[in-house]
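Presented below is the structure to which this report refers.
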Amino acid sequence: MQEFLTKTLPQSPLGKAITYTLKRWEKLCVYTSDGILQIDNNLVENSIRPVALGRKNYLFAGSHERAQDTAMLYSLFAICRLRNLNPEQ
C-alpha cells in the first residue's frame, strides 16, 4: 500500500482510503490476530442510542433543570441495565 500510495493522488478517494488504512495498520493487525475482537461497534452504538436520542429530547424538556433531571435518570437507568438491576424494584 505504501508503494501504491506514491503513485496515487493523496486527495483522491483511493489515496484517502490508503492513507486512512496505513494510519490504522497496527490496530488492524491486532484485530486480525485476535478472534475475539469485533470488526464493528454495533453493540456500543446500540447501547448509547437512547442517550443520543435523549440528548435531542433535552431541547424540549421545558427548562435547563428538567433537562438535567432527565439526563440523571437516563444515567441511572443505564447503570441499572449494566448491573442487571430492575430500577422499578
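The values are calculated or read from the model by the stated rules, or taken from the named source; none is laboratory data. Owing to the predicted nature of the structure, the values given are computational and were not obtained by experimental measurement. Counting neighbours? That spans all protein chains shown, and the Cβs are built from the backbone with ideal geometry, glycine included.
Collect the residues in segment 11-47 that are touching a helix residue (DSSP H, G or I) at 6+ places or on another chain (Cβ under 8 Å) and modelled with pLDDT of 90 or more, keeping them in residue-number order.
Gly15, Ile18, Thr19, Thr21, Leu22
Out of segment 58-89, which residues are of a type in the set (D, E, K, R) and loosely packed, with under 10 Cβ neighbours inside 10 Å?
Step one: list which residues in segment 58-89 are of a type in the set (D, E, K, R), which gives 65-66, 69, 81, 83, 88.
Those that are of a type in the set (D, E, K, R) and loosely packed, with under 10 Cβ neighbours inside 10 Å: Glu65, Arg83, Glu88.
For segment 60-80, name all the residues that are in contact with a helix residue (DSSP H, G or I) (Cβ under 8 Å, 6 or more places away or on another chain) and not aromatic (Phe, Trp, Tyr).
The answer is Ala61, Ala67, Thr70, Ala71, Ala78.
For the structure I just gave you, tell me whether Leu85 is not basic (Lys, Arg) and not in a helix (DSSP H, G or I).
Values: not basic (Lys, Arg): yes; not in a helix (DSSP H, G or I): yes.
So Leu85 fits the description; yes.
In segment 22-55, which residue that is in the same structural domain as Phe77 (by TED's automatic domain parsing) and of a type in the set (Lys, Arg) is surrounded by the fewest Cβ atoms within 10 Å (Cβ to Cβ)?
That would be Arg49.
Any residue at all in segment 17-25 that is in contact with a Ser or Thr (Cβ under 6 Å, 6 or more places away or on another chain) and closer than 24 Å to Met1 by Cβ?
So the first thing to find is which residues in segment 17-25 are in contact with a Ser or Thr (Cβ under 6 Å, 6 or more places away or on another chain), and the list is none.
Checked against the condition, which is being in contact with a Ser or Thr (Cβ under 6 Å, 6 or more places away or on another chain) and closer than 24 Å to Met1 by Cβ, segment 17-25 yields no hits at all.
For segment 1-59, what are the residues that are in a helix (DSSP H, G or I), of a type in the set (D, E, K, R) and under 30 Å from Phe77 (Cβ atoms)?
Looking only at segment 1-59, we keep the residues that are in a helix (DSSP H, G or I), and these are 2-5, 13-23, 25-33, 42-59.
Remaining after also requiring of a type in the set (D, E, K, R): 3, 16, 23, 26-27, 45, 49, 55-56.
Result: Glu45, Arg49, Arg55, Lys56.
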